[in-house]
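A quick write-up on the structure given underneath.
The values are calculated or read from the model by the stated rules, or taken from the named source; none is laboratory data. Every value quoted in this text rests on a predicted model; they were computed, and no experiment measured them. Methodologically, a virtual Cβ is constructed for each residue, glycine included, from the backbone with ideal geometry; neighbour enumeration extends over all protein chains shown. What goes into the accessible areas is simple: the full protein's heavy atoms, side chains included, and nothing from ligands, DNA or RNA. Shrake-Rupley method; radii C 1.70, N 1.55, O 1.52, S 1.80 Å.
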Amino acid sequence: MNRIRIYLNNLLGRIRYNLALFRKWCLKECVLTSKHWQWAAYGMLISMALFMLGMGIDFIGELHPGIYLAALVFLLGLPLLSGLGVRLGLKILALLPHRYNWIYFGAVFFIFFTFGFPTKALIILALFLVCSGAFLGAGIYNLMGNRWISLSQARRILTLGFLLIGAGLFAFGWVYLLYPGKGQEEIKAWSMEVKHLPEHLGVEDPTQSGSYKVDSLNYGWGKDRRRKEFGEGVDLITPVVDGSNFLDGWEKFSGKLRTYYWKMGPDSLALNGRVWYPEGEGPFPLVLMVHGNHLDRDFSDPGYGYLGRHFASHGIISVSVDENFLNGAWTNFNKGLKTENDCRAWLLLKHLEQWREWNSNDSTFFSGKVDLERVVLIGHSRGGEAVSIASFFNGVPYYPDNSKEAFDFNFGIKGVAAIAPVDGQYSPGGLATPVQDINYFAIQGSMDADLRSYDGLRQMRRVKFSDSCYHFASGLYVHGANHGQFNRSWGLFDINYPNKLLLNRQGIILVEDQEKVALAYLTAFVKESVDPGSGYLPLFRDYRQGRQWLPELVYLNQFHESSATIVCEFDEDLDLTTGTLGVDSIKAEELSLWKEGRIPKKWGNFRNNGVFLGWNNTKDSVPGTYRILLDSSFTEKISDHTHLSFLAADAQTGAGKRNIVDSQESIVDSDEDDENDEDDEEEPEPMDFSIVLSDKDKVEYRVRVADYQRLQPPIKPEVFKSRLFWEDPESEVILQYVSIPLEGFVSDSGNHISATDIRSLCFEFDLGEKGSVILDQIGFSR
């Protein structure tokens, strides 16, 4: 053993000796003088100059010399100036004591790691932190001990100056963080400013409690160590279920910590629920409500108690489902669960299986009290997508991603409601999850800082109707509503600390108003879904029919129904002159813009097309028109239809140059310029235009859109205290449902047109100089 130890020591000694010799050689032979560095810099300059020369040769005859010189200054000068800035920064850092300069770097990275804002905002925050802390700390140091006495008058003045600057910045920072925001500029609810305002609905106010007495209980696995109501204090015991096929990521280190906290794994997921039920024999409809992704330890399921109690008072059993164990956690050191939204959906159906068992078992408390043919699912955020996925899983025999997971659910799900939902986190086979033959409703707030784009509208437009039953799909955009106030456990702040300190909290509507909107619409939706013909359907066509129940806010409605006949949906092909059903041809004249394309939203697009129309009448008295010519046989199919309906919104794009369609229908650019397509600084007013129906004798029957509905100008919510903290577009295209009775169309002679006489439908942009609009789902409804 001694020989081996001596041999190893000698070996290590020789290695160290050789490394020392190599280091000595490098220091001697590889030293670069200032001239070496100078000519190395020249070499880099020569390389860049040759690159720019190559660009100049490549663009000879294509670029004006002035443009080339400007490009040269930009492409070469800007990087060199940036390098000079880095050099100056390094010189400043060299002045700092080596013992403490790591703290300055740490402060910068602290900002970048802690806040989730655009880069420019992070740079400003980092400079603010460094400057305020440095000035304040250095000033306080000079005031301590005997140092102040030893300072010269000039140094004392500088010290006081830096101290005041540091203290001022520090105070401003904290005041700004505590400042709730400046609020929103008041905007007019233009839908209320019409000639023909719809009448109030003559049904009971859905925000008022019902006549049933309400009781509550909790069911769960009985082993929850964090919550007594699902642990030792649970009222009904439920089995655990194996969700391993639906979850990825639980097996990693963060998954082990998740198991340690929850005492369950992916193969033993709990079925926990808070139940509010009406006293009585039943059977009663059933509503399941499910939360979205929130911090798992900040339990989300109690936050829908106000809805659950309200539904139960109206004779509906309501359950707030606990899926907190699938939520994000502080223990997600690497990555959390992946593709878990399908698991959230599957768990809802496993809850329904448990209710089916209770309902069919004579010995259980809920025996015979549940009508599983009248079920409604309500989800919030990720739960808003989960309920749509659940409705899809409910009707298929296998899990699309793994056929080993067989399904046999087939519950009577009549409706799906989504509160500020995500969309696309689960895409079976790379496709959007289908939603079919159910009622659908989505609600979204303009001040949502968590999900700032209206994904519920994307889901709503995806709903398809194929059976013979009546179904509808509806959406509601509420200006001033946020993400969290739909759940009492989430509240005012949509994002986590510290980012939430920079939210414009003053711009969010009162929680009482937001909850009232939720109560009105969700109660009406549940009633209309489980009891069709209850009288609340018109509320989803037009919020103004229930305005007596709602807070005075700005609302935008979207609506589609299975009984409507859509002539133009714009998703069928790429031919601008064809429609969806019953269209002979489409023509456009005198328009400055005519195209079909994806309807944009803040984050991506709505995954469906609309037609974009622009007009620019500033130098021509002839208005632009968009005309749909119908097949002569088609009008028999709409003989019982009473309204023209469509979705429309300000396209939020420039009107463009005026185009003229000649007699051969080829589009020719005119010499007319669109002088200024930029947004006006003044508060915009809604666009207005005419719609003209023509009969077989070419008699025209005209209506002004603004007499029935006014398209709200783009809403620009200030979600944060400053635009510095977000990079989203100021506004989003929000479609509005427009429904005009055919009896409102009048000819010059005062006659009205019937559906069977209609031969063409024309949008005539004659009531404004210029503008642009998106149209979708043009058709007729009963």
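Mind listing the phi-derived Karplus ³J(HN,Hα) values for the range 344-358, rounded to whole Hz, using 6.51, -1.76 and 1.60 with θ = phi - 60°, and x for any glycine or proline?
4, 5, 4, 4, 4, 5, 5, 4, 5, 4, 5, 5, 5, 5, 4
Hey, if you put +1 on the Cβ of every Lys and Arg and -1 on every Asp and Glu Cβ in the chain, which of Asn410, Trp346, Gln548 ends up farthest toward the positive end of that dipole?
Trp346
Using a 1.4 Å probe and counting only protein heavy atoms, arrange Thr259, Thr339 so the residue with the most accessible area comes first.
Thr339, Thr259
Specify which residue in the list Phe606, Leu574, Tyr708 is farthest towards the positive end of the charge dipole of the chain, using unit charges on the beta carbon of Lys, Arg (+1) and Asp, Glu (-1), about the Cα centre.
About the Cα centre, the residue reaching furthest to the positive side is Phe606.
Based on alpha-carbon centroids, what's the gap between the range 444-471 and the range 336-356 in Å, whole number please?
Value for the Cα centre distance between the two parts: 21 Å.
With a Förster radius of 51 Å, plug the Cβ-Cβ distance of Phe105 and Asn18 into 1/(1 + (r/R0)^6) and report the FRET value to the nearest 0.05.
The formula returns an efficiency of 0.90 here.
Label-point separation (nm) for Ser363 and Tyr176, each offset 7 Å from Cα along Cα-to-Cβ?
Label at Ser363, label at Tyr176, 6.7 nm between them.
Determine which aspartates and glutamates satisfy two conditions relative to Lys263: a Cα distance under 12 Å, and not lying fewer than 8 residues away in the same chain.
Partners within reach: Asp224.
Grab the beta carbon distance between Ser639 and Arg356, set R0 = 56 Å, and tell me the FRET efficiency rounded to 0.05.
For R0 = 56 Å, the calculated efficiency reads 0.80.
Taking 0.36 nm per residue of separation and subtracting the Cα-Cα distance, what length does fully extending Lys716 through Ile92 add?
220.5 nm
At 0.36 nm per residue, minus the direct Cα-Cα distance, what do Trp25 and Tyr68 gain on full extension? Give it in nm, one decimal, please.
Contour length minus the Cα-Cα distance gives 10.6 nm.
What FRET efficiency would be calculated for the residue pair Tyr306, Arg627, taking the C-beta separation as r and a Förster radius of 60 Å, to the nearest 0.05?
Taking R0 as 60 Å, the efficiency between Tyr306 and Arg627 is 0.75.
About the Cα centre, and with charges only on the beta carbon of Lys, Arg (+1) and Asp, Glu (-1), how big is the dipole of the chain? Nearest 20 debye, please.
It comes to approximately 6600 debye.
Given the whole protein assembly as supplied and a 1.4 Å probe, what does the accessible area of Asp362 come to in Å², nearest 10?
Rounded to the nearest 10, that gives 140 Å².
As a test question: what accessible area, to the nearest 10 Å², does Trp250 have when a 1.4 Å probe is rolled over all protein chains in place?
Its heavy atoms expose roughly 10 Å² to the probe.
Taking θ = phi - 60°, what integer Hz values does the Karplus form 6.51 cos²θ - 1.76 cosθ + 1.60 yield along the range 560-577, in sequence order, with x for Gly and Pro?
Taking θ as phi minus 60°, the curve returns 8, 9, 5, 7, 6, 10, 8, 8, 9, 10, 6, 10, 7, 7, 10, 8, 5, 9 Hz for the range 560-577.
To the nearest 10 square angstrom, what accessible area does Tyr104 show with a 1.4 Å probe?
Spelled out: Tyr104, probe radius 1.4 Å, area about 80 Å².
Would you be so kind as to identify which of Leu50, Ile740, Ile103 lies farthest towards the positive end of the dipole of the chain, taking Lys and Arg as +1 and Asp and Glu as -1 on Cβ and the Cα centre as origin?
Farthest towards the positive end: Ile103.
Do the alpha carbons of any pairs in Lys182/Lys464; Lys120/Lys256; Lys223/Lys500; Lys213/Lys414; Lys601/Lys637 sit beyond 31 Å of each other, and which pairs? Working shown, then result.
Values: Lys182/Lys464 42 Å; Lys120/Lys256 38 Å; Lys223/Lys500 35 Å; Lys213/Lys414 25 Å; Lys601/Lys637 34 Å.
From the list (Lys182/Lys464; Lys120/Lys256; Lys223/Lys500; Lys213/Lys414; Lys601/Lys637), the Cα-Cα distance tops 31 Å for Lys182/Lys464; Lys120/Lys256; Lys223/Lys500; Lys601/Lys637.
So which lysines pass the test for Lys188, namely a Cα distance under 20 Å, with those fewer than 8 places away in the same chain ruled out?
Lys716
Evaluate the charge dipole of the range 729-782 about its Cα centre and quote only its size in Debye, nearest 20, assuming +1 on the Cβ of each Lys and Arg and -1 on the Cβ of each Asp and Glu.
On the way: 3 positive and 9 negative charges, 50 e Å.
Using Cβ point charges on Lys, Arg, Asp and Glu, the range 729-782 gives about 240 debye.
I need the phi-derived Karplus couplings for the range 208-224: 6.51 cos²θ - 1.76 cosθ + 1.60, θ = phi - 60°, integer Hz, Gly and Pro marked x.
8, 5, x, 8, 7, 6, 10, 10, 8, 7, 10, 10, x, 7, x, 10, 6
Want the number for Val194 to Phe112: 0.36 nm per residue separation, take away the alpha-carbon distance, what's left?
Once the chain is fully extended between Val194 and Phe112, it gains 24.5 nm.
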